[in-house]
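Colleague: Quick one: the structure is below, and I'll ask about it shortly.
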């Protein structure tokens, strides 16, 4: 995740960047305790603008989406797990995109594109699992850390299906959670209108809600 100008242009699955870039902040009490931390907010909350603080608090207060999984969504979720186990990139791409299409239909939102790529990029913060670009990018060979490429094509999720060091296929449940993490950012933008979609406690509760919603056995409709 990035802060500043790039923060609204791409969502990275990298929470350490925020902790490193915004550690501390204003508002500590004379005894050293931070009121925000004591209230369950991160220390960097005081460094945010008034608008960003409002978005953060709004996000933190929501723990789920108004979503009931259809039989099709449950079947596609199970099919995605099987596709990951096969290790076939094209099958993973098609199945994951079909799942996103069905979830967008259920939430009455325009579709979000998906690109499934091979080996995860790696930098000093670790492996990059996924990115959400609100305004998209059309270049598969673009540097994922270069936000100047994220300017066209509509909302886009990019995921990687192999680990950086060993090139192993990502565990299916991990891949599904990462997919729902990035889809959660899309829902924050398009459904909840939360602007920058910060990584709040509420956000991670919504992510877990999506995973739980899809982790069920299909039933007859």
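Colleague: Please find the FRET efficiency linking residue 75 to residue 205, where r is the Cβ-Cβ separation and R0 is fixed at 22 Å, and quote it to the nearest 0.05. Before the final figure, lay out the partial values.
Modeller: Working: r = 25 Å, r/R0 = 1.16.
Rounded to the nearest 0.05, the efficiency is 0.30.
Colleague: Next question. If we sort 183-189, 164-170 on the protection proxy, mean other Cβ atoms within 10 Å, highest first, what's the order?
Modeller: Descending packing order for the listed peptides: 183-189, 164-170.
Colleague: Now for a separate question. Starting from 0.36 nm per residue, how many nanometres of slack lie between residue 49 and residue 61 once their C-alpha separation is accounted for?
Modeller: Values: separation 12, 0.36 × 12 = 4.32 nm, distance 1.84 nm.
Between residue 49 and residue 61, full extension yields 2.5 nm more.
Colleague: Something else now. Would you mind computing, in nm to one decimal, how far apart the modelled labels at residue 123 and residue 174 are, each placed 7 Å from Cα along Cα→Cβ?
Modeller: Modelled inter-label distance: 2.1 nm.
Readers should treat all values here as calculations from the given coordinates under stated rules, not as data from a laboratory. Predicted, not measured: the structure shown is a model, and the values here were computed from it. Glycine also receives a Cβ, built like all others from the backbone with ideal geometry; neighbour counts cover every protein chain displayed.
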